[in-house]
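Visitor: Let me give you the structure first, and then I'll get to my questions.
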Amino acid sequence: MSGDAAVQGAVERARDASGVPVVRLIGEIDISNAGTLGATLDRLIGGETNALVVDLAELEFMDSSGIAMLLRATARVDTIEVRNPSQVIRRIIECTGLADVLRLEP
């Protein structure tokens, strides 16, 4: 990656069939964009929910800044479920010892 290229990432919101908010993290999350994406995530979560699903199916890369962003989201809700992490993202979460906190699902 050249020094001029910005890491591309996005956060989208939807609801699952039961009405629980779902946020999709897309692309890459690192120190260059985690602040902006975290602010977007906070705005999308709002104060209205007890439960949150985070879908990582389209997340290609995440560093410790992304982990910190997920932990801040976890602190704002009663329950969180992380769905569809790639093997690499799953391994990052497991190696940090946060698999139980972030409730990884297949």
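The values are calculated or read from the model by the stated rules, or taken from the named source; none is laboratory data. All figures in this text were calculated on a predicted structure; none of them were measured in a lab. Here the Cβ is made from the backbone with ideal geometry for all residues, glycine too, and neighbour counts use every protein chain on show.
Visitor: Can you find, within the stretch 53-87, the residue that is surrounded by the fewest Cβ atoms within 10 Å (Cβ to Cβ) among those that are among the aliphatic types (A, V, I, L, M) and part of a helix (DSSP H, G or I)? Give the steps one after another, and end with the answer.
Guide: Let us first name the residues in the stretch 53-87 that are among the aliphatic types (A, V, I, L, M), namely 53-54, 56-57, 59, 62, 67-71, 73, 75, 77, 80, 82.
Cutting the leftovers down to part of a helix (DSSP H, G or I) gives us 67-71, 73, 75.
Values: Ile67: 18, Ala68: 14, Met69: 24, Leu70: 22, Leu71: 14, Ala73: 20, Ala75: 8.
Ranking the qualifying residues of the stretch 53-87, first place goes to Ala75.
Visitor: Ok, one more. What are the residue pairs meeting all of these: first residue in the stretch 88-103, first residue over 11 Å from Ile67 (Cα atoms), second residue among the β-branched types (Val, Ile, Thr) and surrounded by fewer than 17 Cβ atoms within 10 Å (Cβ to Cβ), Cβ atoms under 8 Å, and 6 or more apart or on different chains?
Guide: From residues that are over 11 Å from Ile67 (Cα atoms), the pairs are Arg103/Thr79.
Visitor: Out of all the residues in the stretch 1-22, which are modelled with pLDDT under 80 and either outside any loop (DSSP other than H, G, I, E, B) or not charged (D, E, K, R) (or both)? Outline the logic, then answer.
Guide: Of the stretch 1-22, the ones modelled with pLDDT under 80 are 1-7.
Those that are modelled with pLDDT under 80 and either outside any loop (DSSP other than H, G, I, E, B) or not charged (D, E, K, R) (or both): Met1, Ser2, Gly3, Ala5, Ala6, Val7.
Visitor: State which residue pairs qualify: first residue of a type in the set (D, E, K, R) and inside the stretch 1-29, second residue assigned to a loop (DSSP other than H, G, I, E, B) and modelled with pLDDT of 85 or more in any location, beta carbons under 7 Å apart, and separation of 6 or more residues or different chains.
Guide: Arg24/Glu58; Glu28/Gln8
Visitor: Residues to consider are Leu41, Leu70, Leu25; find the one that is in contact with a strand residue (DSSP E or B) (Cβ under 7 Å, 6 or more places away or on another chain), at pLDDT 85 or above and more than 19 Å from Arg91 (Cα to Cα). Steps first, please.
Guide: Working: Leu70 fails: more than 19 Å from Arg91 (Cα to Cα); Leu25 fails: more than 19 Å from Arg91 (Cα to Cα).
Just one listed residue meets the conditions, Leu41.
Visitor: Write out, first by first residue and then by second, each pair whose Cβ atoms fall under 9 Å of each other, whose residues are 6+ apart or on separate chains, and whose first residue, in the stretch 36-51, is without any contact (Cβ under 8 Å) to a residue 60 or more places away in the chain and assigned to a loop (DSSP other than H, G, I, E, B) while the second is of a type in the set (S, T, N, Q) and surrounded by 12 or more Cβ atoms within 10 Å (Cβ to Cβ).
Guide: Once the first residue is without any contact (Cβ under 8 Å) to a residue 60 or more places away in the chain and assigned to a loop (DSSP other than H, G, I, E, B) and sits in the stretch 36-51, its partners that are of a type in the set (S, T, N, Q) and surrounded by 12 or more Cβ atoms within 10 Å (Cβ to Cβ) give Asn50/Thr79.
Visitor: Still on this structure, I have one more. Please determine whether any residue of the stretch 13-20 is acidic (Asp, Glu), touching a strand residue (DSSP E or B) at 6+ places or on another chain (Cβ under 8 Å) and buried (at least 16 other Cβ atoms within 10 Å of the Cβ). So that I can check it myself, show each step before the final result.
Guide: Just the residues of the stretch 13-20 that are acidic (Asp, Glu), to begin with: 16.
With the extra rule that they be touching a strand residue (DSSP E or B) at 6+ places or on another chain (Cβ under 8 Å), the set shrinks to 16.
Adding the requirement that they be buried (at least 16 other Cβ atoms within 10 Å of the Cβ) leaves none.
Within the stretch 13-20, none of the residues are acidic (Asp, Glu), touching a strand residue (DSSP E or B) at 6+ places or on another chain (Cβ under 8 Å) and buried (at least 16 other Cβ atoms within 10 Å of the Cβ).
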